Amino acid sequence: MKNVFDITRRIKKTKTKAEKSQLKATESSAPVIDMTEARNEILLQERRKVRRTILSEFIGACALIPQKGLLKVRLYDISEKGMSFDVTGQSGQFKPGEEVAMRVYLNHVTYFPFVVIVQNARFIDDEGVYRHGVNFAAGTVNEVALNHFVKFIETVSASLQGDHGDIMVSNLTR
């Protein structure tokens, strides 16, 4: 082994193409994105058992408060099992387990009633509302209509378009 020379100290190290591109990538000013948060959000959405349709400002709804009247709520989303809706912070909140009579308005005077059971309520600080997650009560009088309504909303929402001030025609004379 006396005749073996260690020349590694004398050899000028040259970088491979992969090492050079790695060095350039680390020197660039592009930020490194942590995909953990995005991945967790995707997993959170996938844990749901049913698909939800977002309804913000789509249709009118009210909760019927005994001895008080109607409380306007803003529907947030809907699925075949239930929905979520928002109540302004100053109006208060419903408690888990509470049965609430609801109305969905198809226009200013036409509605259909149904009953929901509150599963959870949480305050959404940046919106100033209580968001309630509810299940549809089984065996109620409008259960079939409600099921068809949910399917209708899911189907229609897939092809909704926004009106951005389209011109209205008031007279078709030629």
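The values are calculated or read from the model by the stated rules, or taken from the named source; none is laboratory data. Here the structure is a predicted model, which means the values were calculated and not measured. Cβ sites come from the backbone with ideal geometry, for glycine too, and all protein chains shown count toward neighbours. When the accessible area is computed, the model is the full protein with side chains, heavy atoms only, and any ligands, DNA or RNA have been set aside. Shrake-Rupley method; radii C 1.70, N 1.55, O 1.52, S 1.80 Å.
Structure data summary
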item: Over region 118-174: Kirkwood hydrodynamic radius from C-alpha pairwise inverse distances, Å; result: 15.9
item: Length gained when the stretch Asn142-Leu172 is fully extended (0.36 nm per residue, less Cα-Cα span); result: 6.6 nm
item: Farthest positive-ward along region 80-174 dipole, Cα basis, beta-carbon charges - from Gly133, Gly82, Phe114; result: Phe114
item: Whole-Hz ³J(HN,Hα) from phi, Karplus 6.51 cos²θ - 1.76 cosθ + 1.60, for region 116-126, glycine and proline x; result: 10, 10, 5, 9, 7, 9, 9, 7, 9, 4, 6
item: Summed side-chain charge close to Ala61 - residues other than Ala61 whose Cβ falls under 9 Å, Lys, Arg +1, Asp, Glu -1; result: +3
item: Accessible surface of Phe123 - all protein chains present, 1.4 Å probe, nearest 10 Å²; result: 100
